[in-house]
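Student: Submitted below is the structure of interest, expressed as structure tokens.
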Amino acid sequence: MKILTCPINGPRPIQEFHFGGSFRPLPDLDDMTDDQWADYVFNRNGEPGVKTEWWYHTASGVWFLADRNNETDEVVRTYLYQPESTDV
Amino acid sequence: MSERLEPCETHWIDPKCPVPFQFEGVSYSGYEGDVLASALWANGVRFHGRSFKYHRARGAYSMAGHDISLMVEDGQHTNLRGDQLVIRPGLNIRAVNTLGGLEKDWYRVTEWFSKLLPVGFYYKAFYTPKWLFPFYEKQMREVAGLGRVNHNDKIEKTPKDYADCDLLVVGAGPSGMAAACTAAEHDLSVMLIDENPHPGGSLGWQNPMCDPSRNARSEYIHRLKGAPNLEFRAGTQVAGVYADQWVALVDNRRLTKLRTRAMVLATGCFEQPAVFQNNDLPGVMLGSAAQRLMHHYAVKPAEVAVVLAANSDGYQLVLDLIEAGVQIACLVDLRRDGEPTDLDQRVREREVRVLVGYGIDEAVPQRGNKAIRGASICPVDDHGNLDRKTIIRCDCDTILVSVGWVPNAGLIYQAGGRFEYESKLEQLLPSTLPDNVFVSGRANGVYSVPDKVIDGQRAALSAVRYLGKYDGPIPGLNEHVGSPPTHPYPIFSHPNKKNFVDFDEDIHLDDFKNAHQEGYDNVELLKRFTTVGMGPTQGKLSNFNAVRILAQLNGQSINQTGTTTSRPFYNPVPLGHLAGRRFHPVSRTAIHEWHVKNQAQMMYAGASMRPEFYHQEDKSREEAILGEAVCVRHHVGLIDVSTLGKIYVQGPDAASFLEKIYAGRYAKQSVGKLRYGIACDETGVIIEDGIVVRLAEDRYYVTATSSGASAFFRSLQRWAKVLQQDVTLVNVTSQLGAMNLAGPASRELLQPLTDIDLSPTSFPFIGVREGNVAGVSAILARVGFVGELGYEIHVPTSQALHVWEALMRQGKKFSIQPFGVEAQRLLRLEKGHLIVGYDTDSMTNPFEANVAWAIGKKKPFFVGQRSVEILRKQPLLRILVGIRFLKDDYPHWPEECHLIFKNGKSVGRITSLSRRSTLGYPIAMAFLHPDLAKSKTRVEIRVAGDQNVVGEVSDMPFYDPDNQRQEITKKELL
């Protein structure tokens, strides 16, 4: 059973968390075609490597980001969302 | 009973305590501490079981649970292993997998047909012709499977236990004990696990009376007892290692879920069989099995033995056997150079005949193939094959095999370790290990007792350093010297093809050659085609010989060939250990007990329990539901809606945030008014609906569906962060109870209980007021979900029952009835209100659901807006419509999700349906193709029995389309 480290609450068993899907920065709506929007909405990149994901600590209501290697299932780091630092 | 050996400190039996037991209907006697196999062997019973496929006679082979020759059932438990099953008085055991008993076993005929049962036989024979498969399947199920389940058995409840430690050490042999004791000196909690009933591992059976073994045993077993921070669990298996050092421990009575921070795996090795003709018959066994019989159970393993050796262990075994009074007919050494140590001299001093560079071609069976009477011995040629031109016959009753070892690697693989083949040892060794996993002892290629102890200390100190409690020196690993303890290819072909590689599944050498010829040249494919290693022992004795065979067939090295990994469980775990209580948390509203007391039929609604309806004497379920609905229409009803999601949204950005979440507009919403809202996800699918109440300029109160509340709240929290909104979100779903008082009499009923002026002008439809109800502060909202004048009353959960009871008391003179979820569903269906997740699915957009009116115009942004705008331009594929049925006397009645047909083509499906409504005719809501959505269009609903029920598209709402009911009072009705 995995342990995930919540940036606020520390290491906790995985059942306390809810997976929130891969992190995708909000695109600039004014500057994109419908096709680009559809790509953003429906397509996910599943290639092996470190992915940034949303996780939610249910007991305390904390949303945070986790950089996780989806090949080794190793969580590289977890951190709170900061709009300026995570803009790609 | 045959005599036992002289008592010795290594013995596990107590010769003062005889234990009577039965095997296959015959009574025997053993001693306390005996396992079934040792007790039978001591009684001269060597024929223990029948093999899985050919039903060949088998006897004890490993004495360590690594084979299933003696697989038995006791009437209550099945698939017990006889070499691990400790006998107790009255035990009555039968072998599994026989027809008519072990001795006769009519299934043994399968061996006569063995030539017709080549590898892959099942795959090729039974899949065609297809119509015969049910027959095949029946026969297969009859023949296959090990043991019978007793369906009348009593249920044994198996507790689940939890534990944690800093360091887990698996295996209480010399290196495991040394590791555990060393680590325990460093202020850590240490747990040591061993599957055997006593600690010591190979110290107890492999040359146990030599000085190094005796010294290590007495030192460490003593130290195990003395360390307060060291817990030793005997008779416990590590069933599996899972993510983040979560470990499943299984013993006779419980499953323990252990979390550790680091692990030392000192799991040792499995001694491996050699492959030669009849290598499976009773009387052929591993050298270590004979040693276990002697040193644990005081049983003389043989009268006259031939020993097949390829390492020093075989020579040591010979000396051991002589000590126990066994006559050695011959020591056959596969190695061309023989034994390099002084053991060679010591064996020859005992006048043992030693044949160097020879192998066993065949175990010569006695008549009936249930025992052996000799060995055929041939020289090994330059290519490693047997040269059958010279055959030496040696009479014996037992052949003991000591040709090598493979690491017990299952847990190491599961913990994330990987192996590479080391030809100095002819063994796999761990090549990469996770930072917190350490391997020591024989599994790490360390064979002498002093080296194993040092290696255990090395692993322990490395682990302690990892855990931050040590920064001193760590001893290095002593390289193995001398000849390898394992033979690289102890496998010999034989024309009669009873040279078994896998004893579980009866797979012989030629099966591998045939499979390889058919193209199964990859280890994973070969495994699946031949089923090697897929039996109950999971290949403990066969996997690695299979890899050696494949490597040779491919002309590759072991590393190029690769090995198969190992998944949990190490050994089969009884299902009872895995089965557990069902932890299914349920949330109850504050009014739950009242509902139950008042004959409510409770139902699950997501994680909550709600009244479905209230039972009434002499009324069927349907009548009761309709009665409740009629009461709401004509008088007044009260429903507990506490399970609604209830969320406060407050702060400077509250209005702007809600505009971004919901499709509608809220910035200009008046304080004291509510608006209906729908929320979409980014794909434009409706995920939630509810009311949005403005309590103040910067303070809103929103509701969400019962089942979607927690997901919606999560989503609000995330969007608030992503959109950088200055809002505070409070989920008060369980803090506030809620009830809906609905019906023409509701105003008259409620007015005396509240300080809020309920008159229509002061508190109109869709108004919201804060005030007191029955002395409790409350939020009141005039909603129209069920289509009558009504007030949704939100009060603190602690006061909800008080308010509910006050309303019920006050309602008596208005003929009030409580109503449940079913009546509410009917009433809202009559009113044409959809339920998100019920009438909508994971693809439904606002246009399909007919709620496009709830989308705000000219909004800069809301979640899913871009998708909604794209969908707006696309042709509609389906739309939610009302269906009215003209008759209700069909024998089969439509149900939700039944398909709708028009001219034989599927054109939609029913989403909600009520056979009996307050309108007097059945109604439904359905998705329908937009071309057919016109009122009065006839459609057919396909029901059970391939029949059709005719329905007619109807305008919605079915009931009170002009919302007149919202201002009609009981007095005006009369």
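The values are calculated or read from the model by the stated rules, or taken from the named source; none is laboratory data. Computed from a predicted model, the values in this text were never measured in an experiment. Glycine gets a Cβ as well: all are built from the backbone with ideal geometry, and neighbour counts include every protein chain shown.
Student: Could you pull out every one of the strands (runs of 3 or more DSSP E) wholly within region B:305-411 that has 1 or more residues that are closer than 29 Å to B:Gly49 by Cβ and not hydroxyl-bearing (Ser, Thr, Tyr)? Working first, answer last.
Tutor: Values: elements: B:327-333, B:354-356, B:358-365, B:372-379, B:392-395, B:398-402, B:405-407.
The strands (runs of 3 or more DSSP E) meeting that bar are B:327-333, B:358-365, B:372-379, B:392-395, B:398-402, B:405-407.
Yes/no matrix, rows are residues, columns are (1) at pLDDT 90 or above; (2) closer than 30 Å to B:Glu805 by Cβ; (3) surrounded by fewer than 21 Cβ atoms within 10 Å (Cβ to Cβ):
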site	(1), (2), (3)
B:Asn514	yes, no, yes
B:Leu525	yes, no, yes
B:Arg528	yes, no, yes
B:Val532	yes, no, no
B:Ala546	yes, no, no
B:Tyr570	no, no, no
B:Gln599	yes, yes, yes
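Student: Right, next: Suppose we keep only residues that are of a type in the set (Val, Ile, Thr) and assigned to a strand (DSSP E or B) within region B:26-63. Which one would you say is nearest to B:Val109 (Cα to Cα)?
Tutor: Going through the qualifying residues, I end up with B:Val26.
Student: Just for region A:59-88: of the residues that are over 15 Å from A:Lys2 (Cβ atoms) and among the polar types (S, T, N, Q), which one is modelled with the lowest pLDDT?
Tutor: A:Thr86
Student: Sticking with this structure for a sec: For region B:598-628, what are the residues that are hydrophobic (A, V, I, L, M, F, W, C) and over 30 Å from B:Ala711 (Cβ atoms)?
Tutor: Within region B:598-628, B:Ala624, B:Leu626 qualify.
Student: Still on this structure: Going residue by residue through region B:708-717, is there one that turns out to be surrounded by 22 or more Cβ atoms within 10 Å (Cβ to Cβ), of a type in the set (A, V, I, L, M), under 30 Å from B:Gln817 (Cα atoms) and out of contact with any Gly (no Cβ under 7 Å at 6 or more places or on another chain)?
Tutor: no
Student: If you don't mind, there's one more thing I want to ask. Select from region B:809-829 the residues that are touching a helix residue (DSSP H, G or I) at 6+ places or on another chain (Cβ under 8 Å), in a helix (DSSP H, G or I) and of a type outside the set (Phe, Trp, Tyr) and list them in ascending order.
Tutor: B:Gln810, B:Gly811, B:Glu822, B:Ala823, B:Leu826, B:Leu827
Student: Have a look at B:Ile647, B:Ile639 and point out the one that is part of a strand (DSSP E or B), within 14 Å of chain A (Cβ to nearest Cβ) and either surrounded by fewer than 20 Cβ atoms within 10 Å (Cβ to Cβ) or touching a residue at least 40 places away in the same chain (Cβ under 8 Å) (or both).
Tutor: Checking each option against the conditions leaves just B:Ile647.
Student: Identify all residues within region B:67-110 that are part of a helix (DSSP H, G or I), among the charged types (D, E, K, R) and surrounded by fewer than 18 Cβ atoms within 10 Å (Cβ to Cβ); write none if there are none.
Tutor: Within region B:67-110, B:Glu103, B:Lys104 qualify.
Student: Is there a residue being among the β-branched types (Val, Ile, Thr) and within 33 Å of the chain's Cα centre (by Cα) anywhere in region B:495-505?
Tutor: Scanning region B:495-505, I find at least one residue that is among the β-branched types (Val, Ile, Thr) and within 33 Å of the chain's Cα centre (by Cα), so the answer is yes.
Student: Another question, then. B:Lys424 - would you say it is out of contact with any strand residue (DSSP E or B) (no Cβ under 6 Å at 6 or more places or on another chain) and buried (at least 23 other Cβ atoms within 10 Å of the Cβ)?
Tutor: Answer is no for this residue.
Student: Under the condition of being more than 25 Å from B:Ala64 (Cβ to Cβ) and either touching a Phe, Trp or Tyr at 6+ places or on another chain (Cβ under 8 Å) or without any contact (Cβ under 8 Å) to a residue 60 or more places away in the chain (or both), which residue from region B:231-245 is surrounded by the fewest Cβ atoms within 10 Å (Cβ to Cβ)?
Tutor: In this case the residue turns out to be B:Ala243.
Student: Being outside any strand (DSSP E or B), out of contact with any strand residue (DSSP E or B) (no Cβ under 8 Å at 6 or more places or on another chain) and surrounded by fewer than 17 Cβ atoms within 10 Å (Cβ to Cβ) is the filter here; which residues of region B:917-963 pass it?
Tutor: Those that are outside any strand (DSSP E or B), out of contact with any strand residue (DSSP E or B) (no Cβ under 8 Å at 6 or more places or on another chain) and surrounded by fewer than 17 Cβ atoms within 10 Å (Cβ to Cβ): B:Leu919, B:Gly920, B:Asp931, B:Ala944, B:Gly945, B:Asp946, B:Pro961, B:Asp962, B:Asn963.
Student: Right, another one. Being more than 33 Å from the chain's Cα centre (by Cα) and on the phi > 0 side of the Ramachandran plot narrows it down to one residue among B:Gly539, B:Gly482, B:Gly472; which is it?
Tutor: Answer to the selection: B:Gly482.
Student: So which residues in region B:116-139 are over 23 Å from B:Leu526 (Cα atoms) and of a type outside the set (S, T, N, Q), if there are any at all?
Tutor: The answer is B:Pro129, B:Lys130, B:Trp131, B:Leu132, B:Phe133, B:Pro134, B:Phe135, B:Tyr136, B:Glu137, B:Lys138.
Student: Under the condition of being surrounded by 14 or more Cβ atoms within 10 Å (Cβ to Cβ) and aliphatic (A, V, I, L, M), which residue from region A:2-25 is nearest to the other protein chains (Cβ to nearest Cβ)?
Tutor: Selected residue: A:Ile3.
Student: Is region B:115-131 home to any residue that is modelled with pLDDT of 85 or more, of a type outside the set (Val, Ile, Thr) and assigned to a helix (DSSP H, G or I)? Before the answer, list the steps.
Tutor: Initial filter on region B:115-131 (modelled with pLDDT of 85 or more): B:131.
With of a type outside the set (Val, Ile, Thr) added as a condition, the list becomes B:131.
This time we only want the ones that are assigned to a helix (DSSP H, G or I), so: B:131.
Checking region B:115-131: at least one residue is modelled with pLDDT of 85 or more, of a type outside the set (Val, Ile, Thr) and assigned to a helix (DSSP H, G or I).
Student: Go through region B:859-908 and give me each residue that's assigned to a loop (DSSP other than H, G, I, E, B), within 44 Å of the chain's Cα centre (by Cα), under 26 Å from B:Leu826 (Cα atoms) and aromatic (Phe, Trp, Tyr).
Tutor: Correct list: B:Trp893 only.
Student: So which residues in region B:506-550 are touching a strand residue (DSSP E or B) at 6+ places or on another chain (Cβ under 8 Å), small (Gly, Ala, Ser) and not in a loop (DSSP other than H, G, I, E, B), if there are any at all?
Tutor: Within region B:506-550, B:Ala546 is the sole residue that qualifies.
Matching residues to (1) in contact with a strand residue (DSSP E or B) (Cβ under 6 Å, 6 or more places away or on another chain); (2) surrounded by fewer than 17 Cβ atoms within 10 Å (Cβ to Cβ); (3) in a loop (DSSP other than H, G, I, E, B); (4) at pLDDT 95 or above:
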site: B:Lys154; (1), (2), (3), (4): no, yes, yes, no
site: B:Cys165; (1), (2), (3), (4): yes, no, no, yes
site: B:Leu168; (1), (2), (3), (4): yes, no, no, yes
site: B:Ala178; (1), (2), (3), (4): no, no, no, yes
site: B:Ala183; (1), (2), (3), (4): yes, no, no, yes
site: B:Leu192; (1), (2), (3), (4): yes, no, no, yes
site: B:Pro199; (1), (2), (3), (4): no, no, yes, yes
site: B:Arg217; (1), (2), (3), (4): no, no, no, no
site: B:Lys225; (1), (2), (3), (4): no, yes, no, no
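Student: Could I ask something else about it? With closer than 26 Å to B:Asn731 by Cβ, within 12 Å of the chain's Cα centre (by Cα) and among the charged types (D, E, K, R) as the only criterion, which of A:Arg68, A:Arg24, A:Arg77 stands out?
Tutor: A:Arg24
Student: Being in a strand (DSSP E or B) and under 21 Å from B:Ser402 (Cα atoms) is the filter; apply it to region B:239-288 and report the residue that is farthest from the other protein chains (Cβ to nearest Cβ).
Tutor: For region B:239-288, the residue satisfying everything is B:Gln277.
Student: Then there's this: Select from region A:33-49 the residues that are surrounded by 12 or more Cβ atoms within 10 Å (Cβ to Cβ) and closer than 25 Å to B:Gln717 by Cβ and write down the one among them that is farthest from the other protein chains (Cβ to nearest Cβ).
Tutor: A:Tyr40
Student: What strands (runs of 3 or more DSSP E), lying completely within region B:677-778, carry at least 2 residues that are under 30 Å from A:Gly61 (Cα atoms), touching a strand residue (DSSP E or B) at 6+ places or on another chain (Cβ under 7 Å) and more than 14 Å from chain A (Cβ to nearest Cβ)?
Tutor: Hits in region B:677-778: B:686-696, B:699-704, B:736-742, B:768-773.
Student: Also: If I ask for residues that are over 24 Å from B:Tyr162 (Cβ atoms) and in contact (Cβ under 8 Å) with a residue 24 or more places away in the chain, which ones from region B:578-592 would you list? It would help to see each step written out before you state the result.
Tutor: Within region B:578-592, the first condition is being over 24 Å from B:Tyr162 (Cβ atoms), and the residues that meet it are B:587-592.
Listed by number, the residues that qualify are B:Ser587, B:Thr589, B:Ala590, B:Ile591.
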